[in-house]
Amino acid sequence: MELVYSVTVGIMVTCSVFLMLRGHTFAIVMGLTLMSYAVNLFLFASGGLVLNQPAILAEGAEYSDPLPQALVLTAIVIGFAMTAFALILAIRARADLGNDQVDGKATSSDILADKDHEGQLRQHPDKATGGKHK
Amino acid sequence: MHLPVLPVLLPFFAAVFILFPWFNMRLNAQRVVAQGFLLLLLGLTVYLFVEVLNHGPQAYAMGDWQAPFGIFLVADLMSASMLVLTSVLALATHLYGCAGEDTKGRFFHPLYMFQLMGLNGAFLTADAFNLFVFFEILLIASYSLLIHGGGRERTRAAQHYVLFNLIGSAFFLIALAVLYRAFGTLNIPDMAARAAQLPAESLPLAEAGGLLLMVVFGIKSALLPLHFWLPKTYSNTSIPVAALFAVMTKVGIYSLWRIHSVVFGPDAGAVAGIGMNALAWLSGGTLAAGIIGVLASQSLRWLIANLIIISVGTLLVSVSLGTESGIAAGLYYTLHSTLMCGAFFLLAGLITLQRGQAEDRFVRSRPLLYPVISGLLYALVAMALIGLPPFSGFIGKVFILQAAYDSGDALWVWPLVLVSGLAALIALSRAGTTIFWRTQGTVLTEARERISPLHLLSAGLLTAMTVVLVVAAGPLTEWSMQAASELRAGLTVQQINDQIPGGVR
């Protein structure tokens, strides 16, 4: 059980690190989401993995540690709020900066993609919002 | 006694209160209420400080759960002085915000209060997981405050800051999970008690967890390879927020004191002083990076952000000494550098308002509307930050140099700290010369309407703190030494339980 569990966490962390190293905000937010899932699982395992045991100490019996479960619950709530904020910020940055690169500088592939959609996208959003915020 | 929990609850209730719909369109009412609450908070934290000074550390158990099972707030001299520092800084910077900055976006005042709630909670808590929770509260408030007012550069800086700190939070949780496995508890006094008797198989876990936590606190406090977010973030956000953020990096330093100087302190047996060697190297590097940054700065706010990196580097050096006098010196230097960097940001805002198009860049521009008062404040803050006598920076630096000499680290600490002072001297005199003397054209008369007395009052108030820090230097250094020895001795779980009225003894 421990092996399967740790391999699962490991694969999720690998994927999240890969995604977070991308330059696009959406990929990074996805990576952060995956990371928070992996961290929650990791946190859950910190009390030790036991099966079919009561959550509270009983006479002579083994028990599953209730504290990590409480911690995970808190971490889930916080992670949820933070991901929501990061997403909103990414959308805001897309509007303000005109592209979804983390450092706000459009790469040549972005510009090409914009040219491909010239029908729908009359003006580069960079110019559309450029003068408004100063 | 519910006193220790009030500094957390008061800003929370203030924020909720201001969020009531009645306040929605009444900005003046929001300002008055927020200022009232901040004054109340200042009085409360000073009262708490005096109580702690007279009667020793105060513990507060949430729901009267006995230690080590419940969540605890502990107000000792160290946390009480950080609380007073935060409320003084918040009061002055909020006053600056009331002078017009709060009209540039919504929810400025409630967010300010939530920010204070997170800060106060992080200073008071005696539970590592609770520390994480309060970190998240102060972070999510800081994310929103950071983009207050909007704009391209601000959004871009906020994006880096948010994403970087989210990864930091993930590391924090991993570290806590590892530490829980090693120690079997996340109550900080309990962890400190158990550190010396850790079984051999838990040692690698405890070490890994401690080092991971150091990385997390390094992100918050801007330790060398993790500090690149700071200049951009601080120099692009609005003035009162940047000034308030002067205390944010100190939260990381404070957590290092709490965890790495106490739990992994000299009494921790096999895990004593983990990572301190690395911290010494990296803090020296932080100072060097700050020195280079200060000399290369092209605008006043960027310069102040790099001065913050220097002050953080100096503080991290004092942490890495690992001695009690190092902690005491660090506490005094924290008071000084937080207030002065905050004051400098407010002053930069004041100067920006008077310079029109040139803003705070170091270029030839119009003469200032109020050259005498701005110049006087600038000279005071600059001399304090450089560390010239008789101002607070001088005392703080001498204190740190003394601590380094006593612990035998003078050889590497002295040159770095002194050169950082020299670099600050060069950069600040160059900046001041450009702003005040290299002028052309006419005075910007619109500045007369833009600058309200509140701007001058708040900047003057915070700058005057350097005088207070010097005049009160005697008792302050004594208290900080007392705080350091109290921090080192720590409260035991038994002592905490004795303070709970209904607790099981």
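The values are calculated or read from the model by the stated rules, or taken from the named source; none is laboratory data. Here the structure is a predicted model, which is why all the values come from computation and not from measurement. With ideal geometry, Cβ positions are generated from the backbone for all residues, glycine too; neighbour counts draw on all protein chains shown.
For the reader, a short list of remarks on this structure follows.
- Across the stretch B:137-190, the number of residues qualifying as in contact with a Ser or Thr (Cβ under 7 Å, 6 or more places away or on another chain) and more than 8 Å from every other protein chain (Cβ to nearest Cβ) comes to 8.
- Reported count of residues in the stretch B:17-31, each being in a helix (DSSP H, G or I) and in contact (Cβ under 8 Å) with a residue 40 or more places away in the chain, is 4.
- Cβ separations smaller than 9 Å between residues 6+ apart or across chains give the following pairs from the stretch B:409-427 residues that are within 18 Å of B:PHE399 (Cβ to Cβ) to residues that are surrounded by 14 or more Cβ atoms within 10 Å (Cβ to Cβ) and of a type in the set (Phe, Trp, Tyr): B:VAL413/B:TYR405; B:TRP414/B:TYR405.
- Any helices (runs of 4 or more DSSP H) falling wholly within the stretch A:46-134 and containing at least 3 residues that are under 29 Å from the mean Cα position of the chain (by Cα), closer than 30 Å to B:ARG152 by Cα and at pLDDT below 65: A:108-116, A:125-130
- Subset tally (residues that are within 13 Å of B:SER374 (Cβ to Cβ) and β-branched (Val, Ile, Thr)) for the stretch B:432-454: 4
- In the stretch B:208-231, the residue that is nearest to B:VAL271 (Cα to Cα) out of those that are outside any helix (DSSP H, G or I) and in contact with a Leu (Cβ under 7 Å, 6 or more places away or on another chain) is B:LEU223.
- Which numbered condition B:VAL84 misses (of (1) assigned to a helix (DSSP H, G or I); (2) of a type outside the set (Asp, Glu); (3) at pLDDT below 95): (3)
- Subset of the stretch B:87-133 [among the basic types (Lys, Arg) and not in a helix (DSSP H, G or I)]: B:ARG106
- Of the residues in the stretch B:142-154, at least one is free of Cβ contacts under 8 Å to residues at least 24 places away in the same chain, in the same structural domain as B:VAL74 (by TED's automatic domain parsing), under 19 Å from B:PHE114 (Cα atoms) and surrounded by fewer than 23 Cβ atoms within 10 Å (Cβ to Cβ).
- Set B:ILE310, B:ILE239, B:ILE292: member being closer than 27 Å to B:TYR405 by Cα, in contact with a Gly (Cβ under 9 Å, 6 or more places away or on another chain) and not aromatic (Phe, Trp, Tyr): B:ILE310
Here is a yes/no grid of residues against (1) among the hydrophobic types (A, V, I, L, M, F, W, C); (2) within 18 Å of B:LEU388 (Cα to Cα); (3) in a helix (DSSP H, G or I); (4) under 27 Å from the mean Cα position of the chain (by Cα):
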| position | (1), (2), (3), (4) |
| --- | --- |
| B:TRP412 | yes, no, yes, yes |
| B:LEU418 | yes, yes, yes, yes |
| B:LEU422 | yes, yes, yes, yes |
| B:LEU444 | yes, no, no, no |
| B:ALA464 | yes, yes, yes, yes |
| B:LEU469 | yes, yes, yes, yes |
| B:SER480 | no, no, yes, yes |
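- Of all residues in the stretch A:91-108, those satisfying the criterion of being in contact with a helix residue (DSSP H, G or I) (Cβ under 8 Å, 6 or more places away or on another chain), more than 7 Å from every other protein chain (Cβ to nearest Cβ) and not charged (D, E, K, R) are A:ALA95, A:GLY98, A:ASN99, A:GLN101, A:ALA106.
- Of all residues in the stretch B:124-136, none satisfies being assigned by TED's automatic domain parsing to the domain that holds B:PHE20, closer than 19 Å to B:VAL263 by Cα and without any contact (Cβ under 8 Å) to a residue 40 or more places away in the chain.
- Residue in the stretch B:392-399 that is more than 19 Å from B:THR286 (Cβ to Cβ) and surrounded by fewer than 18 Cβ atoms within 10 Å (Cβ to Cβ) present: yes
- Qualifying residue in the stretch A:24-38 (condition: at positive phi and buried (at least 19 other Cβ atoms within 10 Å of the Cβ)): no
- Pairs, first more than 11 Å from chain B (Cβ to nearest Cβ) in the stretch A:61-84, second outside any helix (DSSP H, G or I) and surrounded by 14 or more Cβ atoms within 10 Å (Cβ to Cβ), C-beta under 7 Å, six or more apart: A:SER64/A:GLY47
- Looking across B:LEU38, B:LEU73, one residue alone is touching a strand residue (DSSP E or B) at 6+ places or on another chain (Cβ under 6 Å), crowded, with 21+ Cβ neighbours inside 10 Å and aliphatic (A, V, I, L, M). It is B:LEU73.
- Take the conditions (1) touching a residue at least 60 places away in the same chain (Cβ under 8 Å); (2) assigned to a helix (DSSP H, G or I); (3) polar (S, T, N, Q); (4) under 30 Å from B:VAL493 (Cα atoms); B:GLN35 misses just one of them, which is (4).
- Matching option when the condition is surrounded by fewer than 24 Cβ atoms within 10 Å (Cβ to Cβ), touching a Lys or Arg at 6+ places or on another chain (Cβ under 6 Å) and assigned to a helix (DSSP H, G or I), among B:LEU282, B:LEU205: B:LEU205
- Taken over the stretch B:267-283, the criterion of being of a type in the set (Phe, Trp, Tyr) and assigned by TED's automatic domain parsing to the domain that holds B:PHE183 is satisfied by no residue.
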